[in-house]
Number of protein chains: 2
Amino acid sequence: MARLKLQSEEAEQPDRWEAQLRKGALEMAALASLWRGRLYGLEIIRFLEVHSQLVLAEGTIYPILNRLKAEGLLTSEWVEAVAGHPRKYYSLTEPGRQRLRLMAEAWTGFSGGLSRLLEPVLTEKEISQ
Amino acid sequence: MARLKLQSEEAEQPDRWEAQLRKGALEMAALASLWRGRLYGLEIIRFLEVHSQLVLAEGTIYPILNRLKAEGLLTSEWVEAVAGHPRKYYSLTEPGRQRLRLMAEAWTGFSGGLSRLLEPVLTEKEISQ
DNA sequence: CACTATACATTGCTATACGAGGTATGAAGC
DNA sequence: GCTTCATACCTCGTATAGCAATGTATAGTG
């Protein structure tokens, strides 16, 4: 089974809004994780955990991968593992690469806008403008 | 009335994923818009449109403001306008300021992680590590 | 033959953005 | 004094999406 974490001890609202920040960015992150080459499901989760700040559950990544695959942005292939359960490796298609480039640009703009907005908060000064 | 925009002419999927990027960040943006002083509903929309890249509908901002108010992060007061409809001005409370600082820090971390992830895409090189 | 680890998959719940439509106030035109 | 228009606030319904929980399959270990 795995996955238990804090079920309902107390932590419940504390990081509610923080979770919202990640919403929507995960598709892009999933695509980005495949930029340098193919990875399988759980490997993508670990990759994102190491290379960014994203910790996603299995119930999150698989629907995303299926969605992206349905859109033709990536392909998958079963590969026999040396040991254990066979793995389903995902790779970016050319449309996938192209889309990711667009997303990355949009992200830059979006991120820049928000950062500008938050600058005075982080520096405790007046709005930049 | 107002508000008509493209109802269903054709544009419908084109920027579907782009919209997702904004999800969850809007609460933070709303709080941030009030950092330097009080603003009323529609004014917040205009403020965000100018100072960031966010264009939100009225049906989006009012529920957010009510939510934040219910959490005690901001207060509101009706103010008679010199002309026209009275305005409901929103102001950050101290807890609101504190929360916004936390959010801004979380945003910095989150944003940094994603940017690192997207760097190779934007520069068309290998993953930075 | 349990037991455990790894990996993929699905269902159900909840939160959220937002389009569409509505109400209230007051100013300007006729 | 109506009608019209502009400004401002509010709310319902829907679609989407993350994710906890749960299940199944494969194969190595004692």
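Express the accessible area of the stretch A:40-88 per residue in Å², computed with a 1.4 Å probe while the remaining protein chains stay in the model.
58
How many Cβ atoms of partner chains, on average, are near each residue of A:47-58 if near means within 10 Å of its Cβ?
Mean partner-chain Cβ count within 10 Å for A:47-58: 3.
Sorted from largest down, give the three principal axis spans of the alpha carbons of the stretch B:19-123, whole angstrom values.
Its Cα atoms span 53, 26, 21 Å along the three principal axes.
Report the accessible surface area buried between chains A and B, summing both sides, using a 1.4 Å probe on protein heavy atoms only, in Å² rounded to the nearest 100.
Details: alone 9720 and 9750 Å², together 15120 Å².
Summing both sides, the interface buries roughly 4300 Å².
Quick one: label points 7 angstrom along Cα→Cβ at B:ALA83, distances to the other copies in nm, smallest first?
The answer, with the shortest distance listed first, is 8.1 nm.
Using a 7 Å offset from Cα along the direction of the beta-carbon, what are the separations from A:LYS69 to the same position in each other copy, nm, ascending?
Listed shortest first, these distances are 4.7 nm.
Take peptide B:33-42, look around each residue's Cβ out to 10 angstrom, count Cβ atoms belonging to other protein chains, and average those counts.
Values: counts 2, 0, 9, 6, 2, 0, 0, 0, 0, 0.
The per-residue average across the peptide is 2.
If you draw the axis that swings chain B onto chain A, which residue of B has its Cβ closest to it, and how far is that in whole Å?
Output: B:LYS23, 2.
Using a simple spin-label model with points 7 Å from Cα along the Cα→Cβ vector, what separation in nm is obtained for A:TYR62 and B:THR60?
3.2
Using all alpha carbons of the stretch A:16-61, what is the percent of pairwise distances in each 5 Å bin, ordered from the shortest bin to the longest?
5, 21, 37, 25, 9, 3, 1
Measuring from a point 7 Å out along Cα→Cβ, what nm distances, shortest first, does A:VAL55 have to its partners in the other copies?
List, nearest first: 3.8 nm.
Computed FRET efficiency, Cβ-Cβ of B:ARG46 and B:LEU122, R0 45 Å: what is it to the nearest 0.05?
On the way: r = 31 Å, r/R0 = 0.68.
In this case the efficiency is close to 0.90.
The values are calculated or read from the model by the stated rules, or taken from the named source; none is laboratory data. What you are looking at is a predicted structure, and each value in this text was computed from that prediction instead of being measured. Ideal geometry is used to build each Cβ from the backbone, glycine not excepted, and the neighbour counts take in all protein chains shown. Heavy atoms of the whole protein, side chains included, go into the accessibility calculation; ligands, DNA and RNA do not. Shrake-Rupley method; radii C 1.70, N 1.55, O 1.52, S 1.80 Å.
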